[in-house]
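For reference, the structure discussed in these notes is given below.
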Amino acid sequence: MAKSKFEYVRDFEADDTCLPDCWIVVRLDGRNFHRFSEQHEFKKPNDDRALQLMTRCAQTVMQELEDIAIAYGQSDEYSFVFKKKTRWFKRRASKFMTHVVSQFASSYVFYWKDYFKDQQLLYPPGFDGRIVLYPSNQNLKDYLSWRQADCHINNLYNTVFWMLVQRSGLTPVEAQDRLRGTLAGDKNEILFSEFNINYNNEPLMYRKGTVLIWQKVNEIITKKIKLPKEAEEKEVEVTRTKTKVVPLHCDIIGDQFWEEYPEILAEDS
Ligand code: DGT
Ligand code: MG
Ligand code: MG
Ligand code: MG
Ligand code: MG
């Protein structure tokens, strides 16, 4: 094919191929969700609608894009882990990042009303994205552990903070002062002795965030078939095995999760 004299401008494009054999992680995060959550009256500290909408968007990303082995989300962020051996878009970093973030953002608007019902979406939300490569399985597990530990630390803090504000009538500054320098044990103790809350009984989705993995599920569907010798169509039940994106709210820091789902880190992924 004949090339135009302008063709040379292509050479100005930077090569952003991701290193081979590394896990490719894309993490996105809501832009200024401090304001967004206030304006849309998110329940504090955790709004089920908001968290479930985030997960719905992440499921869409996993279903629409290729080669995502696992995703992890909490608060206004989600991380997507692409398989080590993926050849999707020749491993170009910009393709991974922009496809993940744009698919997620459009899904957020598209599915908004399914979760927020009468609460109008007041302005178009945005998300930032970053990409990080992890060469070993241990690095990847440590990355995901880091995000889940972050979820735990923030959620414990926020749970006590909002109890002090909403139930004890402290101002946000007073609550902040009260919690300054406290350790996890102290916060658990405040929750228990002052509010009769055992932190371990708080919903798992709040404490652990959401893990998305692929799982085979059996579906029973009814099919209409026409037998050659019979005039009428007959309904029969057939079982189909489908691979679906399933949300879990479990610990991913310990070994148990990885032993239960060895296929996630399998060599050929
Ligand atoms: P950024 O990410 O630098 O653009 O700024 P923000 O404001 O998004 O900051 P970030 O991502 O560190 O913190 C997430 C914010 O989102 C934080 O202010 C709390 C809010 N948020 C996330 N999930 C919930 C929720 O379920 N309920 C409420 N009330 N707020 C939430
Ligand atoms: Mg931030
Ligand atoms: Mg944010
Ligand atoms: Mg965030
Ligand atoms: Mg195009």
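Laboratory data are not the source of any read-out in this text; all were calculated from the coordinates shown. Here the structure is a predicted model, which is why all the values come from computation and not from measurement. Don't worry about glycine lacking a Cβ; one is built from the backbone with ideal geometry, like all the others, and counts go over all protein chains shown.
Couple of notes before you dig in:
- 16 Å Cα-Cα reach of Lys242 towards aspartates and glutamates, excluding residues that sit fewer than 8 places from it in its own chain: Glu64, Glu219
- Note on the chain: the C-alpha convex hull projects to 24.0 nm² when averaged across all orientations.
- When you filter the trypsin sites (Lys or Arg not before Pro) in the stretch 157-259 for DSSP loop state and at most 12 other Cβ atoms inside 10 Å of their Cβ, you are left with Arg167, Arg180, Lys229.
- Taking other C-beta atoms within 10 angstrom as a stand-in for reagent exposure, Val245, Val9 fall in the order Val9, Val245, fewest first.
- By the beta-carbon count within 10 Å of each Cβ, the least crowded to most crowded order of Cys22, Cys151, Cys250, Cys57, fewest first, is Cys250, Cys22, Cys151, Cys57.
- Rel. contact order, % - alpha carbon contacts under 8 angstrom, at least six apart, the stretch 159-226: 21
- A run of the chain free of exposed loop cleavage sites, with GluC sites (Glu not before Pro) counted only in DSSP states other than H, G, I, E and B and at most 15 other beta carbons within 10 Å, reaches its longest extent at 67-229.
- Ranked list, fewest to most other Cβ atoms within 10 Å of each Cβ, for Asp21, Asp118, Asp76: Asp118, Asp21, Asp76
- Over the chain: helical MRE at 222 nm, DSSP H runs n ≥ 4 each giving -39500 (n - 2.57), nearest 500: -13000 deg cm²/dmol
- Reducing the stretch 80-108 and the stretch 214-269 to their Cα centroids gives an inter-centroid distance of 24 Å.
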